[in-house]
Each structure stands twice: as structure tokens, then as C-alpha cells.
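Every read-out reported here was derived from the displayed coordinates using simple, explicitly stated rules and does not represent laboratory data. Every value quoted in this text rests on a predicted model; they were computed, and no experiment measured them. Every residue, glycine as well, gets a Cβ built from its backbone with ideal geometry; the counts of neighbours run over all protein chains shown.
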């Protein structure tokens with residue numbers, strides 16, 4: 001197809017601002033899907049995605065649109081993940097586009113996530129088409145939102161499209177704006193092949209499936225291709241595009257978007273951001289911006305039932321086929337037995353993996369407190385990276401510790417500022433920017449230790465702002481910090497799976513809060529149980545769980561022995577779900593108690 | 001000899017602590033229920049003659065006197081060794097007491113729960129200590145001298161002082177038998193659910209801690225022993241010779257037959273139960289279907305322990321039991337929850353309070 005009639009775009013929106021509904025509506029209006037065929041929010045395919053209302057995997061849908069000028073255009077809608085954990089994937093999806101719809105809720109306004117992705121899009125030189133959505137709601141204030149877009153993002157918003165994806169209002173205006181305002185792709189169909197991988201996943205029948213945007217040249221069936229990062233070659237066995245059903249084709253030329261499979265066995269051969277080129281006639285340079293994805297958050301995953309260890313390993317291997325951002329290696333805990341140290345992009349990513357393991361593979365899991373990867377310089381000058389508290393070097397052997405730092409953008413309303421600033425200070429943040437962005441809203445840019453985010457930051461931010469704060473962050477280097485390892489002893493035995501790395505100044509308070517929480521989570525045993533938090537040999541906090549005082553069934557009513565048996569069986573079953581460490585039965589939740597240690601929330 | 005249990009699951013109101021399948025129902029259902037009960041009893045083949053009868057509820061003292069008389073008239077074996085009727089304090093008239101006596105009742109179990117007006121009122125009871133005293137006098141005058149008084153430790157607002165007030169009344173009324181239950185906090189009662197949800201209705205916020213409840217219970221154990229009413233079962237206390245003959249059958253794995261909704265039976269081999277709700281019971285009996293919904297063989301090897309150990313006299317394990325349960329038995333002897341004279345094992349004072357921990361080790365299936 002002549003690139004002049006191609007438009008590649010994505011939709012930037014905050015969760016709930018109407019991205020999926022708008023995507024559905026575009027599909028419907030262009031006839032890619034009849035209303036009758038249409039399932040709600042077809043682009044979000046996995047159950048989990050639908051439940052959480054976020055998109056985890058990017059997708060690309062081709063729409064054919066007959067514009068008011070009489071020509072028919074190929075519009076490729078490239079869907080992007082909507083969460084801060086997946087910034088890199090977002091940037092690759094944006095790189096595949098020439099423009100983006102910036103969808104802003106007419107009453108909520110611009111959120112941090114939207115802002116971050118818009119900056120990302122501007123960085124990739126995309127044409128931004130502002131869309132003010134939900135204008136049919138009584139609380140809609142399109143003028144204020146327009147002003148905000150101009151002020152905060154610095155984009156002219158006079159010609160923002162007013163729309164209601166729900167009712168279909170303004171959808172044609174959006175399509176016209178895509179055609180008129182977003183530039184056609186620039187690449188040359190005759191240059192050597194360069195195609196950008198912006199998504200890939202594992203299919204049990206076809207192997208890895210790649211979504212790619214052809215920048216230069218042509219991708220053809222049976223073509224021998226080379227994947228740049230690993231230098232491996234494959235033959236294209238399937239080629240096509242989604243509309244939204246998969247439609248096979250023989251060729252994708254410069255400017256077009258589609259999928260391919262080539263008998264690729266592992267997802268790590270087809271990494272997001274990598275360049276596909278022709279094996280015989282390769283391009284001289286890859287496309288810019290490729291980075292191998294690095295996990296930032298680490299946690300131990302253990303089966304509750306130790307005999308399920310093999311099952312868990314198989315499940316992790318299967319998940320990894322489909323998720324190159326996730327990695328794992330075996331680890332061994334004195335408390336929990338055999339498990340795996342796993343690396344994730346962020347907390348949400350961790351939760352998704354955890355839920356998929358429990359839901360799809362039916363494995364009961366214990367997850368240990370998430371942490372980050374520290375750079376530790378030993379006294380002999382060796383530098384080691386430590387992402388597991390149990391591997392923390394002896395303090396006498398540490399010269400210096402560096403912790404990962406992020407730049408975090410928070411957008412909130414003025415009235416919550418006090419609480420949020422307090423939280424950011426408490427989390428060891430350094431303020432880099434403080435800006436009123438109109439409409440009673442404030443933008444904060446803080447440098448924060450990543451370690452503070454993986455504890456309970458999201459929950460705290462949410463409650464401090466009653467949900468009216470949005471957050472975005474990216475890694476911004478390392479800084480030297482006095483971190484220490486905080487151990488927990490239960491009945492005198494250190495529980496390795498409960499150890500955490502904390503800032504020295506917080507160790508005492510965290511230790512206290514953690515022990516207090518554990519006291520509430522660990523049920524009374526038949527004997528008194530001492531809980532202690534310690535740094536090295538120094539005990540910083542202590543609590544006792546008093547011995548169980550009573551566990552008695554009173555009545556034997558009318559000779560109902562079966563009720564008695566059932567109650568006793570239920571108690572026994574409850575114990576089975578706990579992990580026995582030494583003499584003490586510890587419930588699963590206790591291992592995550594560390595997460596909530598700073599919240600001060602009693603529940 | 002076997003016993004008979006008759007269930008009357010109707011009450012004037014549902015008490016906050018009640019976690020049984022009983023409650024308030026339309027009068028019309030009560031009448032149909034009583035007819036169904038008569039029909040079920042009439043259809044029973046009586047392969048043996050019972051020597052005890054126990055009418056429980058619900059509040060069977062609300063049963064119309066003619067119906068009670070007809071029902072007891074259909075049970076063979078009169079005069080029985082023991083025939084108990086459960087009663088709510090405040091509902092006992094001299095006529096009723098005489099009619100009960102004439103129908104063969106010789107023992108009444110009073111669901112007092114607390115002699116402290118405020119505590120009783122919070123559970124939904126309207127009686128006072130004076131009401132109970134009057135009831136006891138009425139029963140004695142009618143010739144029913146054998147009484148049980150139910151008490152609950154752990155009711156909202158209870159304190160050591162208020163508990164001792166209730167125990168003072170036990171001393172004053174001098175019953176033959178006392179039952180002391182620790183409040184069961186579970187989802188099945190309104191109060192239990194409220195406590196679990198950290199609510200405040202029914203005084204849930206004032207519910208005593210586990211410690212206090214256990215202390216109150218132990219105070220009762222000592223006080224009742226001093227009054228000559230020692231504990232013979234985890235929740236039951238009696239003057240020697242006046243233990244409940246009927247209830248002992250449950251703990252000794254002796255047979256009994258139950259009639260009515262949610263009534264349980266044990267023929268020495270099989271345990272069975274009737275359908276749980278009064279509505280379904282009535283529906284089944286009226287349409288000629290059996291009221292019994294399930295039966296399964298009793299597991300005597302396990303029940304001997306988790307039921308038998310409720311009796312203070314303990315259980316004498318046989319060699320096969322030692323092979324099966326020797327390890328937990330010895331562990332509990334070591335940690336002081338069980339004691340043994342070499343032949344018999346029994347719960348210690350501490351073991352009673354943690355008896356579920358002990359019992360669950362005797363459940364293998």
C-alpha cells in the first residue's frame with residue numbers, strides 16, 4: 001500500500017479515561033467489527049487484563065477507513081500497556097507510530113501516567129491529537145481541560161476533539177483528525193528490511209508470535225530474516241495482520257504493521273525493541289532504542305506445599321516463554337524450603353505473575369517481601385549486585401552500598417498536597433520540581449529510592465490522596481545509602497524469608513512495626529512465642545504472642561457428633577495451609593507483612 | 001439402654017449467641033411440625049425400649065401441653081430413668097409444670113445463660129434472677145426436683161464480678177446439674193459474626209477476651225466443685241449420681257434415636273441425621289418421605305477419643321489405640337495436656353481448655 005494512505009497511531013490515556021471504549025468504537029465505526037459481533041473491550045484479551053482494567057500486552061489492529069476526502073486509509077491502531085511497570089514496552093509501541101490520540105477525561109483532567117506517556121510520545125516526535133472524552137457527563141469541563149493540556153503539556157488544544165466514546169459522539173471527528181493531522185510513515189519500501197518488534201508472545205502451536213512495524217523494506221512469506229540482538233536467523237512461516245481477527249497476507253511493506261511467526265522457540269530471541277532485517281541483504285544499522293529489559297523488583301516465590309516445587313518450576317518456565325521481562329532462579333530458604341528468586345519489572349508485574357500462577361496453574365504460593373537490587377562494594381573493592389537479603393554480605397565486609405533511584409512524577413489536587421508531601425519526605429524523597437498546573441492541581445517531581453516504592457507506596461499514596469493522585473516513574477541511577485539488613489526471629493529462630501533491607505535510620509521503626517504486624521498475623525500457638533527484629537546481633541524490637549488460652553467446642557447438641565468432627569477437621573485444614581517453621585505455624589500472609597510495615601494501618 | 005431425643009426447633013426469639021438451626025417460625029408451621037413429629041414417632045419400629053428421653057430445642061417449654069403429652073405418650077418405656085425438657089426461664093406456669101410432670105418429665109434444663117439482667121437482656125432474654133428463682137420453686141412444687149442450669153462464660157459485658165453474681169445464684173438455687181459453656185465465636189450466630197467483624201451490635205465490642213472467658217470458666221470449675229458440683233464433662237457439672245444419663249450416652253458412644261428436624265441418631269454402628277430445617281422436615285414427613293437425609297458408619301476408633309475424652313474420667317486406650325495414636329498421646333502427656341495413670345488417659349485442667357488441639361490429633365481421615 002502506498003504509505004501516503006497509511007496512518008499508524010496509538011492511544012494514550014489514563015486508566016478509566018476511556019481508551020478501551022474508544023478503541024472498540026473505532027473498530028465498530030470502521031466496520032472492523034459489527035456491533036453484534038462486538039464483545040466489550042475486545043482489545044483486552046486476557047482475563048486478568050479485563051479484571052484490572054489495564055492492558056498488559058500490546059496489540060495492533062488494522063482499520064480501513066473511507067475518509068471524507070473519498071480515499072480509503074489503512075489505520076493501524078497500536079495498543080499500549082497502561083502501567084508504569086511497562087514504560088519500555090510503551091516506548092517501543094510509540095516508536096512504531098507517527099501519531100497518538102491523547103485521551104483525557106473531561107472532568108478528571110491530565111494524570112501523571114498520561115503525562116509521562118505523552119512526553120514519551122513527544123520524545124519520539126509523534127503528532128499528538130488531543131481528545132477530550134466523556135464530554136456528555138454533567139461534570140465535564142472541556143474548557144478547563146483544554147487549558148490544562150496547553151499549560152501542562154504545552155500542546156495547543158484549541159483543536160482538541162470533543163468526544164464521548166461511550167455514545168459514539170465525535171468518533172468520526174477523531175478518525176478525520178487521524179487522517180488529516182497524523183503524518184504518513186516515512187520509510188522506503190525499497191531500502192533493506194528494518195522492522196521494529198513492539199510485542200511478542202509465545203503460542204504453543206506457532207512458537208513466538210511477533211508484532212512488528214515495518215520501517216523500511218518489505219517482509220515476505222518464506223523470507224529468511226535475522227533478529228538483530230541475538231543475530232539468529234529464521235524463515236517467515238506466517239505473516240498477517242489483525243483486523244481484529246488474524247488475516248494472513250503475503251507481504252508487509254514499509255509503513256505497515258502486522259504479525260509474523262517463524263518457528264522461533266524462545267521469547268528471548270524476539271525481544272521487544274529489537275530490529276528484524278533481511279538475512280541475505282541486512283540493513284547497515286539497527287533501529288535505535290533497543291534495550292534488554294532488566295527486572296527491577298525481586299521476590300522469592302515458594303510453594304505452600306513443598307512437594308509442588310517441581311510444579312512451580314514448570315509453571316514459571318511456561319510463563320517465561322510468554323514474558324521475557326520476568327526471570328527466575330532457584331533459591332533455598334531455611335524457613336520455606338525450595339523456591340525461586342524472581343525478577344519483575346515492578347510490583348504490578350509481580351502481582352500479575354503471582355495471580356497467574358495461582359489461577360492458571362493452581363499453585364498455592366508464598367511470596368516474600370519484594371526488594372530491589374543493590375550494588376554493594378566490598379572492602380576488597382569487588383562490586384556485587386545483591387537482590388536477595390539472604391545474600392547480603394557481612395557488614396564488616398561492606399565499604400559502600402548504592403541503591404537504585406527513580407524519578408517519580410506525582411500529579412494530585414492541592415487539598416491532598418500536605419499528606420502527599422509528608423509521605424514523599426518519609427520515603428526519603430528529594431524534591432526536584434513543584435508546579436501548579438491549573439485547576440487546583442499540582443505536579444511534583446521527586447527523586448526517590450526504588451526500595452521505598454516497592455514497600456507500600458502505592459497504597460499509601462492512594463489513601464493520602466483518596467485516589468486523586470497519579471504516579472509515574474523511571475529509573476534514574478544509583479545513590480550511596482546506609483542500608484542494613486533487618487532480620488526477624490520467631491521463637492528465637494531467624495526466619496530468612498522475612499529479612500528485609502532497610503535504610504539504617506528506619507530500621508528501628510520498621511522492625512517495630514513489622515513485629516507488631518506479625519503478632520497480629522501469627523495465630524496463638526500452644527506456647528508463648530517471642531518475635532524479635534534484629535540488626536546483626538542487636539535486637540531492635542520485641543513482642544510476645546501469648547500462648548493460646550482456649551480452643552474448646554462447647555456443645556454436643558442432641559448427639560451431633562458429625563458437627564464436632566467437621567469443626568475439628570476445619571481447624572486441622574487451616575493448620576495445613578500454614579507453614580511450619582521450627583515449632584511455629586506461620587500463615588502465608590505473614591510473609592507479606594513486611595509490605596505493610598510503614599502504613600501504620602492496623603488492619 | 002438407648003435414649004430418645006426429640007427436637008422442637010422453635011423459639012419466641014432467636015438469641016444472639018445461638019448457632020443452631022432453630023428460631024422463630026409461623027404458628028401454623030409449629031402446628032404442622034408437631035403433627036409430623038407424631039407421625040415420625042408413630043412410624044418408628046422400636047426395636048428396643050428407651051430409658052431416657054430428652055426434649056431439646058429451640059424452646060420445647062413452649063410446646064402446647066396436649067401435644068407434649070401425646071408425643072411422650074407415644075414413646076415406650078415410661079417411667080423412664082430420666083426425661084428432660086429444656087425450658088426458657090419466665091415461661092413456666094404451675095399448670096405447665098404439673099402437666100409436664102404428669103406427662104413423665106422429671107428433669108428440666110433451664111437456659112439461664114446469665115443471672116445478671118443486663119447480660120441476659122443483651123442476648124435477647126427477658127428474664128431476671130428472680131424469674132429463674134420463681135421457676136425453680138414452681139418446678140419443685142410440681143414435683144420436678146431435678147434441674148439443670150445453663151450458663152455461658154464470655155457474654156458481652158461479663159466481668160469477674162458479674163460472673164460471680166451468677167455463680168452466687170447457682171449456690172442459692174442449688175440445682176443438681178450445671179452446664180457452663182464458653183461462648184463460641186463463629187459465623188453461625190449473630191453475636192459471633194458481629195465479633196468477627198469487629199462490630200458493636202449485641203454488645204459485641206464488650207465481649208470478653210479469650211483470657212477472661214477462660215478465667216471465668218475456670219472460676220466456675222473451682223466454685224462449683226466447692227459447692228459439691230464437680231465437672232464430669234468439659235461443659236457439664238453435677239452432684240455425684242445426678243449426671244445427665246441421657247447426655248452421657250453421647251459421650252460413651254451408646255445408641256440413641258432422634259426425632260424431628262436436625263435430630264441425630266446412632267444405632268451403635270451407623271450415625272444418621274434428619275433434614276435440618278423445620279420446613280423441609282414437615283414437607284418430607286407430610287409427603288411420606290423419610291426425614292432422614294444421610295447416614296454413615298461411625299468411626300469408633302476416632303470417636304472413642306475425640307468424644308470420649310470430653311469426660312473427665314478419660315478413656316482407656318487398647319493396644320491397637322496405642323499403635324494408632326501412641327505418638328500424639330505421649331506428646332500431649334509430655335506437654336501437660338493429657339495425664340495418664342498407665343492405663344487411662346484424661347485431659348488435664350490445661351488440656352480441657354485446649355481440648356480441640358488434642359482432639360484433632362485423633363482425627364485421621
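Between rounded, prolate and oblate, where does region B:301-362 land on the alpha carbon gyration tensor, with a ≥ b ≥ c its root eigenvalues, rounded for a/c under 1.5, else prolate if a/b exceeds b/c?
Rounded shape, in that the Cα axes give a/c under 1.5.
Expressed in units of 2.2 N^0.38 Å, where N is the residue count, the Cα radius of gyration of region A:453-567 is 1.58. Label residue B:35 and residue A:414 with points 7 Å out from Cα along Cα→Cβ: what is the distance between them in nm? Rounded to a tenth, the inter-label distance reads 7.7 nm. Here region B:226-257 and region B:1-77 have alpha carbon centers that stand 22 Å from each other.
Could you work out the helix-only [θ] at 222 nm for chain B, with each DSSP H run of four or more residues adding -39,500 (n - 2.57) and the total divided by the number of residues, to the nearest 500 deg cm²/dmol? Intermediate results must be reported in sequence, preceding the final value.
Details: 14 runs with 142 residues, N = 365.
Helix-only estimate at 222 nm: -11500 deg cm²/dmol.
Do you know the relative contact order of chain A, to the nearest whole percent, from alpha carbon pairs under 8 angstrom that are 6+ apart?
Values: 1319 pairs, mean separation 59.4, N = 603.
Here the relative contact order equals 10 percent.
How compact is region B:3-251 by the rule of thumb for globular proteins, expressed as Cα Rg over 2.2 N^0.38 Å? Please report the intermediate quantities before stating the final value.
Numbers: Rg = 18.0 Å, N = 249, 2.2 N^0.38 = 17.9 Å.
That works out to 1.01 for region B:3-251.
Expressed to the nearest 5 percent, the antiparallel share of DSSP beta bridges inside the protein assembly as shown is 70 percent.
Mean per-residue shielding of peptide A:542-553 is 6, counting Cβ atoms of other chains within 10 Å of each Cβ. Specify the inter-centroid distance of region A:167-206 and region A:411-486, based on alpha-carbon positions, in whole Å. When both Cα centres are located, 35 Å separates them. Distance between the modelled labels on residue A:16 and residue A:458, one decimal in nanometres: 1.5 nm (7 Å Cα→Cβ projection). Calculated FRET efficiency, residue A:68 to residue A:190, Cβ-Cβ distance, R0 = 22 Å: about 0.10 to the nearest 0.05. Ranked for footprinting exposure by Cβ neighbours inside 10 Å, fewest first, B:231, A:181, B:27 give B:27, A:181, B:231.
Please give the FRET efficiency for residue B:42 paired with residue A:137, using the beta carbon to beta carbon distance and R0 = 56 Å, rounded to the nearest 0.05. Before the final figure, lay out the partial values.
Numbers: r = 70 Å, r/R0 = 1.25.
For residue B:42 and residue A:137, the calculated efficiency is 0.20.
How many partner chain Cβ atoms sit within 10 Å of a residue's Cβ in peptide B:295-303, on average, as a whole number? The partial results should precede the final answer.
Values: counts 0, 1, 0, 2, 2, 0, 0, 2, 3.
Per residue, the average neighbour count from other chains is 1.
Modelled this way, with points 7 Å down the Cα-to-C-beta line, the labels at residue A:147 and residue A:318 are 5.5 nm from one another.
Here the residues A:565, A:542, ranked from fewest to most Cβ neighbours within 10 Å of their Cβ, fall in the order A:542, A:565.
Protection proxy ranking, highest mean first, for peptides A:98-110, A:338-350, A:316-328: A:98-110, A:338-350, A:316-328, where packing is the per-residue count of other beta-carbon atoms within 10 Å, averaged.
I need B:100, A:228 ordered by Cβ neighbour count within 10 Å, fewest first. Numbers along the way, then the final one.
On the way: B:100 29, A:228 20.
Listing B:100, A:228 from fewest to most nearby Cβ atoms yields A:228, B:100.
Using the alpha-carbon centroid of each, what span in Å lies between region A:296-368 and region B:282-330? That distance is 43 Å. Report the calculated FRET efficiency for residue A:2 and residue A:232 (r = Cβ-Cβ distance, R0 = 51 Å), to the nearest 0.05. Working from the Cβ atoms, E equals 0.95.
If you count, for every residue in A:567-574, the Cβ atoms of partner chains within 10 Å of its Cβ, what is the mean?
Working: counts 5, 10, 3, 1, 5, 5, 1, 0.
Mean shielding count: 4.
Please give the calculated 222 nm ellipticity per residue for chain A, where each DSSP H segment of at least 4 residues contributes -39500 (n - 2.57) and the sum is spread over every residue; nearest 500 deg cm²/dmol? Could you put the intermediate results ahead of the total?
Values: 13 runs with 137 residues, N = 603.
Mean residue ellipticity, 222 nm, calculated: -7000 deg cm²/dmol.
For region B:3-251, averaging the sequence separation of C-alpha pairs within contact (under 8 Å, six or more residues apart) and dividing by the residue count gives a relative contact order of 18 percent.
What shape does the protein assembly as shown have by the C-alpha gyration tensor, where a ≥ b ≥ c are the square roots of the eigenvalues, rounded means a/c under 1.5, and otherwise prolate means a/b greater than b/c and oblate the rest? Prolate, since a/c reaches 1.5 and a/b exceeds b/c.
Taking every DSSP beta bridge that has both residues in chain B, what percent is antiparallel when rounded to the nearest 5?
Details: 19 of 49 bridges.
Taking every DSSP beta bridge within chain B, about 40 percent pair in antiparallel fashion.
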